[in-house]
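The values are calculated or read from the model by the stated rules, or taken from the named source; none is laboratory data. This structure is a prediction, so every number in the text was calculated from the model and none was measured. Counting neighbours? That spans all protein chains shown, and the Cβs are built from the backbone with ideal geometry, glycine included. For accessibility, only protein heavy atoms count, side chains too; no ligands or nucleic acids. Shrake-Rupley method; radii C 1.70, N 1.55, O 1.52, S 1.80 Å.
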Amino acid sequence: MNFLKKNLHAKMLIAFMGCLLLVSIGYIPLSIHWINRQATVHLDQKIDQAGDLFTGILEIPLWQLDQPAMIMALRSMLNDPNVLMVALETQKNVHLYTIFQDPSGSIRTSETPVSVNMPEHIERVFSIQRDGEVIGYLRFAYSTDSLQAEKWTAISQYVLSTLFLFLAIFGGTLFVGRKLVVQPVKAVNAMMMRVAEGNYDESIVYQSQDEIGQMVTSFEKMRDSVKEQIEQVEQKKRQLEVLNAGLENKVQERTQTLQERSEALQQEVNERRQIEFKIRDMLETQEMISDNLIQTSAELQRSRNELEQKNDSLTASNRKYEDLNQNYDRILKKLDSMYHKEFPNLQGHLEDIQNTVAKRHQPSVQRTRKELSEIQEMLHTIAELYESNQAIASKRILLAENNRQQQIFAKMALSGTGVKLDIVSEFNEGKQLLKTRNYDIICTNMDLIELTAVAQESQPNIRSVFMTPHDASFYLAVLKKYPFLSNIVSRNDEDRTFTLKNIITTISKLVSEDLFGLEKYMSWGVEVQQQIISHSHIRGEQIETMQEYFREFGFRKGLLTRCGMVAEELLMNAIYDAPIDAEGQPRYNHLPRTVPVALEPGEQGLMRYACDGMLLAISVQDPFGAFGRKTILNYLEHCYSGEAGKLDKSKGGGGFGLLQIMETADLVVFNVRPKVKTEVITLFNLDPNVSQSSKKAAFHYFSI
């Protein structure tokens, strides 16, 4: 209770000191105004006293005063230091005397008006009366300096005392307020902060029952209420967590079910949309197809009519062709019979006639026999063609080729020959056919070359042909991997005519087992020139003779130079490299090419050359058959090195000469019958439509 009273007294004291402070602050302007008023009243009293004195003096008639006496009377008033000037004037403003203090403080007298710089002052004018009548004026100037000094002295004393009282009251108020208000509030605030941080178990201890105590009591009630509510909330939260756990599982299951249904519905919607789009596209496509079909139907009808007309023409032409083909076969058969039967019999009869007739008739018979031999030689090619056609007929060939264009070329080349041609584009398809059918020849490209191994295993007597459009350097490693590939054919996909010729020629050579002769690559009936290769020193003459023959066709010098280069390499090989002894060892290979070599009759070769307007051919034959597949591949591998099969010309040797031939000619054909004969045929394509920029080092190789 005492503490409560103490606090109330402190609050009353603080309130009293505050009010006193406010009153003191508000009284300062009033005090200053009162001081100014008192100073003004005091000054007015002094001025009135001075005025009364002057008036009393001047009640003496002015004319009764002599000038010195008047001046004395006026100067006596200047003894007051606050009187700055006294001037006497008549009623009509006639100036009589002026007595004033100069700035140095000396008293001076003037009978004329003067302008004096005086400090701040107050002027008063008093009238001089005689018998109720104004007879003059007294002008009086009184300084306000003393008044201002007294005023500011009083104001300073009052302000200092008020300021001291204000500081005392303010200091006491701060001390009492800090002791009785601030410190309890800080203590209560600290306890409230701990409660605000969540420590609801800590109570706020404050024993006073003043406003702060009432606030603490209310806060304690609120804390207890909040604590109770939090406990209830925690309890409900735990209950809700249990309920939420079950609800979450149910919601999750329900959500998953809904999601699955939604996805299923969305998928169904997407599928239906896709179906709608497809149906729409199909309808649009059907409309387009319908329109196109109508147009196509009309065009087909026109084409059908045209085809029927062309078919009738082709049918008639086919009958004529069949008739001509039958006649052609009968003629070939008859000529073959003449070559093998009639001409030998006729030669025998002429020989008997030559032996029985007189000597004068023998030269004529001899000429007849010679002409007959020339005719028989001309029929030799026809006989070979007939025998080749007969050999090809009924043969079965498997073509493993995934190039559609090459498949068409093969069909075109072998149509009408009687060959049974099967074409496959995949390995498994070819493998299946090899199990069910027997083939005489299998032709494969690089992609399906493994079929040759399957064919050799299942059908050992089958002849395999590797056909490729690539440069020789590209497939050397492949050929070494398959040593049984004894027949190699390079083709130029840009030259359709020569490709067709290569196919029919390759099949004819393998079926008839007759590999030799450049005529197989030339048009029928071409005239072939030939020279015996007997000595190294005549090869220059033989090359010149060949070039002169070709010069008559009007060929340019560049082609003739290429032909001479190829012939030189072929002749050098036939003279120095080809001859071998009985043990298979080279006879002249070790000799420098400047050493002359004369070939024995059994070692002599044959150089042949011809031109049919499309191809120019040069061939050289030797009677040894030692130029095998392995030798050619070793030579080529020896000459190629580096990336992309670039030629390393630093190696030289016989292999280098072989590669020069391959790079100079458009095609080189090697025909080999081991230990019997080797023939190298070089072909130059004269067709200007065939691009020389696409030329590759390509060769054919056949061995039986």
If you stretched the chain out fully between Glu248 and Leu559, how much longer would it get, using 0.36 nm times the residue separation minus the C-alpha to C-alpha distance?
102.5 nm
What is the spin-label model distance, in nm, from Glu552 to Arg194 if the labels are put 7 Å beyond Cα along the C-beta direction?
13.6
With DNA, RNA and ligands ignored, accessible area of Lys677 (1.4 Å probe; Å², nearest 10):
60
Stretch gain in nm, segment Ile275-Leu258, where the contour uses 0.36 nm per residue and the Cα spacing is subtracted:
3.6 nm
Please list Phe550, Phe624, Phe656 from largest to smallest accessible area, probe radius 1.4 Å, with all protein chains kept in place.
Phe656, Phe624, Phe550
Provide the gained length on full extension for the span Glu527 to Asn402, in nm with one decimal, where the gain is 0.36 nm per separating residue minus the Cα-Cα distance.
41.1 nm
Taking only protein heavy atoms into account and a 1.4 Å probe, give the accessible area per residue of segment 487-608 in Å².
49
Efficiency of FRET from Cβ geometry, Arg593 and Asp352, R₀ 51 Å, rounded to 0.05:
0.50
Sort the following peptides by mean Cβ neighbour count (other Cβ atoms within 10 Å, averaged over residues), highest first: 567-574, 657-664, 453-460, 259-266.
567-574, 657-664, 453-460, 259-266
Using a Debye calculation, one point per C-alpha and no hydration shell, please list log10 I(q)/I(0) for segment 421-533 at q = 0.14 Å⁻¹ in order.
-0.67
Taking a threshold of 24 Å on the Cα-Cα distance, which of the pairs Lys481/Lys520; Lys334/Lys370; Lys420/Lys480 fall above it?
Lys481/Lys520; Lys420/Lys480
